[in-house]
Amino acid sequence: MTDVPPEILHRLTVHRQDHVLGGWDNLSPAGRAGLVEQLAGIDFAVLETLYGRRNEPHSVLPPRDRVAPIPVDPPAAPPAAVAIGERALRRGEVAALVVAGGQGSRLGFDKPKGMFPIGPVSGASLFQIHAEKVLALSRRYGNPVPFLVMTSPATHTDTERYFGENRFFGLAPSDVYFFQQGTMPALDLATGRLLLEAPGKLFQSPNGHGGTLTALAETGLLADLKARGVGHVFYFQVDNPLVKVCDPGFVGRHVAAGSEVSSKVVFKEQPGEKVGVLAATDGKCGIIEYSDLPVEWAAERDAAGELVFRAGNPAIHIFALDFLDRVTGRDDVLRYHVARKAVPYFDPATGQPVTPPAENALKFERFIFDALPAAERWLAVETKRDEEFAPLKNATKTDTPEDVKRAITRLHAGWLERAGVHVPREGSGEPSHPVEVSPLFALDADDLAAKIPPGFAVSGPTRLGPGEGPRVPTSG
Ligand code: UTP
């Protein structure tokens, strides 16, 4: 171990983490360099503090009288607001940012989740659908919408390669910005010691979607966006193919209100729904995670019989660039959330891999919504679940690929019906055939109605694709 850099050795010894050097002598020069690089990026003092807080409650809710439901604007934007949003898009002032650094462990797909084929007829991936929305918006408003794709070490290489192989889905590569979020090591629950994934390799995972903020600042992207004249960043998650990317009515209301953070909300219908809710504490907007919402609060109803805390969070926000600039410089805005997980690891003492029978590790993540209370001016706008929120989360049970494909079919079948097209339906009310409208054909119901020729009908799996006009029915 004579060639361990003295500064690293000193820090490991002081913080009692020198077990990670077990097996050092057997590592290749590249393996040693890799371990040193991983260790150099670790703030041991922060880890110690987090470990010390492992038994503290998840979060401390203020007393009920300091927490109020938030005012929520209705889904339909006034025409004047739409015009303001469209002007911002024409001027190139709005960027789209998708977070795609998660490991997608519940879905169990061996590629980045954005590559999952979700188009019910075409099998288009989540990335393709998002990229085509950005392209369609850029064409509609005559100015490219910069597309920011946040990846992590778990997804970066595959994602970049996938965009390259697909010629960026028609976008100019200079308008697509890939940037990587940071990672956090996992700690052994019993001892607070770093876990290894393999000899000489620390177990590290993406630091949560809250990592967006530091990554934007550290990669210099915020400065690039400012130089491009961008004033607002539309944030969404890769797993939701229904999101109305850069929805002009939403952008317009955000701009008109001078809001620093604007959020879409989907109203909860049942008290027990597992979704975080937006609420105001001492006048600041924030999110109460569903696991933190006391059952009595969740069940409260107002005079109209509606749930009081019903503003569910579909993770669709617009951030003013000045706000991002302000909060990314501050370390106190996003705290780390601690999760107990079962993490297989390599034991340097025995030289063996271990699969733990129960939770053995602490993992740390930052959440983007913890930035909301830092906003002086904020805004919430209702959207309908059927129109804008169908997240792909699990392989089975809920939020599955089949659920999400059905949600796309339902939405697009509804657009066709609004355009006067007959869509056959089952007795259950579900469309009889999968239906899909490419964003390059139409971005919304009005767009579609303007393009559908008279007499058009659905009689099998139907996809309306780009450039070719309605070419249906298609098979499969
Ligand atoms: P989820 O919390 O649902 O995580 O992320 P996930 O990675 O998709 O799936 P599981 O929990 O491992 O099964 C919501 C969104 O936040 C992104 C994800 O890519 C997804 O778009 N995310 C999550 C990141 O970009 N980075 C992270 O560190 C975590």
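Taken over the stretch 169-182, the criterion of being part of a helix (DSSP H, G or I) and open to solvent by less than 40 Å² (accessible area, probe 1.4 Å) is satisfied by 169, 175.
Checking 11, 16 one by one, the residue that is open to solvent by 40 Å² or more (accessible area, probe 1.4 Å) and more than 13 Å from residue 193 (Cα to Cα) is 11 and no other.
State whether one or more residues within the stretch 98-121 are in contact with a strand residue (DSSP E or B) (Cβ under 6 Å, 6 or more places away or on another chain) and farther than 28 Å from residue 181 by Cα. Yes, the stretch 98-121 contains a residue that is in contact with a strand residue (DSSP E or B) (Cβ under 6 Å, 6 or more places away or on another chain) and farther than 28 Å from residue 181 by Cα. Scanning the stretch 231-265 for residues that are in a helix (DSSP H, G or I) and open to solvent by less than 10 Å² (accessible area, probe 1.4 Å) yields 249, 250, 251, 252, 254. Does residue 432 satisfy the criteria of being hydroxyl-bearing (Ser, Thr, Tyr) and open to solvent by 10 Å² or more (accessible area, probe 1.4 Å)? Yes: the conditions hold for residue 432.
Restricting attention to the stretch 87-109, the residues that are within 16 Å of the ligand (Cβ to nearest atom) and among the β-branched types (Val, Ile, Thr) total 2.
A search for C-beta distances below 7 Å between a residue of the stretch 206-217 that is near the ligand (Cβ under 6 Å from one of its atoms) and any residue that is among the aliphatic types (A, V, I, L, M) and assigned to a helix (DSSP H, G or I), counting only pairs 6+ apart in sequence or on different chains, returns 209/368. Consider the stretch 183-195 and keep the residues that are in a loop (DSSP other than H, G, I, E, B) and in contact (Cβ under 8 Å) with a residue 60 or more places away in the chain. The one that is nearest to residue 218 (Cα to Cα) is 186. For the stretch 43-54, the set of residues classified as part of a helix (DSSP H, G or I) and of a type outside the set (Asp, Glu) consists of 44, 45, 46, 47, 49, 50, 51, 52, listed by residue number.
Scanning the stretch 390-403 for residues being open to solvent by 40 Å² or more (accessible area, probe 1.4 Å) and either modelled with pLDDT under 95 or part of a loop (DSSP other than H, G, I, E, B) (or both) gives a total of 6.
Per-residue answers, yes or no, for (1) in a helix (DSSP H, G or I); (2) touching a His at 6+ places or on another chain (Cβ under 7 Å); (3) modelled with pLDDT under 95:
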{"residue": "33", "(1), (2), (3)": "yes, no, no"}
{"residue": "39", "(1), (2), (3)": "yes, no, no"}
{"residue": "56", "(1), (2), (3)": "no, no, yes"}
{"residue": "76", "(1), (2), (3)": "no, no, no"}
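Inside the stretch 131-163, residues that are assigned to a helix (DSSP H, G or I), closer than 23 Å to residue 86 by Cα and either out of contact with any Gly (no Cβ under 8 Å at 6 or more places or on another chain) or open to solvent by 40 Å² or more (accessible area, probe 1.4 Å) (or both) make up a count of 8. Per this entry, residue 183 is not counted among residues that are within 14 Å of the ligand (Cβ to nearest atom), at pLDDT below 95 and closer than 20 Å to residue 99 by Cβ. From the list 118, 84, the lone residue that is of a type in the set (Val, Ile, Thr), at pLDDT 95 or above and within 16 Å of the ligand (Cβ to nearest atom) is 118. So residue 101 passes all but one of these: (1) open to solvent by 70 Å² or more (accessible area, probe 1.4 Å); (2) part of a loop (DSSP other than H, G, I, E, B); (3) under 30 Å from residue 340 (Cα atoms). Which condition number does it fail? Answer for residue 101: the failing condition is (1).
Let's see how each residue does on (1) under 27 Å from residue 46 (Cα atoms); (2) part of a strand (DSSP E or B); (3) open to solvent by less than 60 Å² (accessible area, probe 1.4 Å); (4) not polar (S, T, N, Q):
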{"position": "278", "(1), (2), (3), (4)": "no, yes, yes, yes"}
{"position": "291", "(1), (2), (3), (4)": "yes, no, no, no"}
{"position": "298", "(1), (2), (3), (4)": "no, no, yes, yes"}
{"position": "304", "(1), (2), (3), (4)": "no, no, no, yes"}
{"position": "327", "(1), (2), (3), (4)": "yes, no, yes, yes"}
{"position": "333", "(1), (2), (3), (4)": "yes, no, yes, yes"}
{"position": "338", "(1), (2), (3), (4)": "yes, yes, yes, yes"}
{"position": "350", "(1), (2), (3), (4)": "no, no, no, no"}
{"position": "356", "(1), (2), (3), (4)": "yes, no, yes, yes"}
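For the stretch 358-378, residues that are open to solvent by 80 Å² or more (accessible area, probe 1.4 Å) and not charged (D, E, K, R) total 0.
The values are calculated or read from the model by the stated rules, or taken from the named source; none is laboratory data. Keep in mind that this is a model prediction, so the values were computed, not measured. Please note: Cβ atoms are built from the backbone with ideal geometry, for glycine as well, and neighbour counts cover all protein chains shown. When the accessible area is computed, the model is the full protein with side chains, heavy atoms only, and any ligands, DNA or RNA have been set aside. Shrake-Rupley method; radii C 1.70, N 1.55, O 1.52, S 1.80 Å.
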